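Take a look at the structure set out below.
Values quoted throughout were computed directly from the atomic coordinates according to the rules given, and no laboratory measurement underlies them. All of these numbers come straight from a predicted model, not from anything done at the bench. No Cβ is skipped: glycine too gets one built from the backbone with ideal geometry, and neighbour counts run over all protein chains shown.
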Amino acid sequence: MSGRVVHFEVPFDDGERARAFYGAVFRWTLQDMPGMDYTIALTGPVTEDGAPADPGYINGGMFRRGDDEPRSPVIVVDVGDIDETLEHVTRYGGTVLSAKQPVGEMGFAAYFRDPEGNVIGLWETASGS
């Protein structure tokens, strides 16, 4: 488990408007993910495999805001085992908002609320990725 912040997510109500805003204001490179209603946000140069090419920044994504959490910006933390981490979350006073779910063939994601009310994302890379 690295415990590193590896990603961020920003919800939107109007994807076209959000992409225009963040692209213009921060000059992020934005890439729609077909069939996912999700946009990858590249905040700096990337390697051939999409990883940040320079130290000190992370990439993120934007997604359609729904009725369920998360409804506000989220940081995403890399973990070795989401299920184990969610057990720790509940043991130490957090609340699981969504169980482990696959994200294509790349890995798995989940969300929880910490004891302070913040929504945090978890990321587990699929073995072999």
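Pairing the Cα long axis of helix 82-91 with the longest principal axis of the chain, what angle in degrees results, from 0 to 90 and rounded to the nearest 10?
60
Along the Cα→Cβ direction, 7 angstrom out, place labels at Arg64 and Val96. What is the inter-label distance in nm?
Distance between label points: 2.7 nm.
Using only Cα atoms, find the angle between the long axis of helix 15-26 and the longest principal axis of the chain, and express it within 0 to 90 degrees, rounded to the nearest 10.
Orientation of helix 15-26: about 80 degrees from the principal axis.
In the chain, once you exclude exposed trypsin sites (Lys or Arg not before Pro) (DSSP loop, at most 13 other Cβ within 10 angstrom), what's the longest stretch remaining? Mind dumping the intermediate values first?
On the way: sites that count: Arg4, Arg27, Arg71.
Free of exposed loop sites, the longest segment is 72-129.
Which chymotrypsin sites (Phe, Trp or Tyr not before Pro) does the range 49-99 hold that lie in a coil by DSSP with at most 14 other beta carbons within 10 Å? Please report the intermediate quantities before stating the final value.
Numbers: sites: Tyr57, Phe63, Tyr92; in loops: Tyr57, Tyr92.
Sparse-neighbourhood loop chymotrypsin sites (Phe, Trp or Tyr not before Pro): Tyr57, Tyr92.
What does the charge dipole of the chain about its Cα centre add up to, to the nearest 20 debye, if the Cβ of each Lys and Arg holds +1 and the Cβ of each Asp and Glu holds -1?
Working: 10 positive and 21 negative charges, 73 e Å.
Value, rounded to 20: 360 debye.
Specify the longest stretch of the chain that does not include any exposed loop site, a site being one of the GluC sites (Glu not before Pro) with a non-H, G, I, E, B DSSP assignment and at most 12 other Cβ atoms within 10 Å. Intermediate results must be reported in sequence, preceding the final value.
Details: sites that count: Glu48, Glu105, Glu116.
Value returned for the longest uninterrupted segment is 49-104.
What number, rounded to the nearest 500 deg cm²/dmol, is the helix-based mean residue ellipticity at 222 nm of the chain, given -39500 (n - 2.57) per DSSP H run of at least four residues and division by all its residues?
-5000 deg cm²/dmol
If you count the DSSP beta bridges with both ends in the range 5-125, what percent of them are antiparallel, to the nearest 5? List each step's numbers first, then the result.
Numbers: 27 of 35 bridges.
Close to 75 percent.
Report the Cα centroid-to-centroid distance between the range 62-129 and the range 1-16 in angstrom, as an integer.
11
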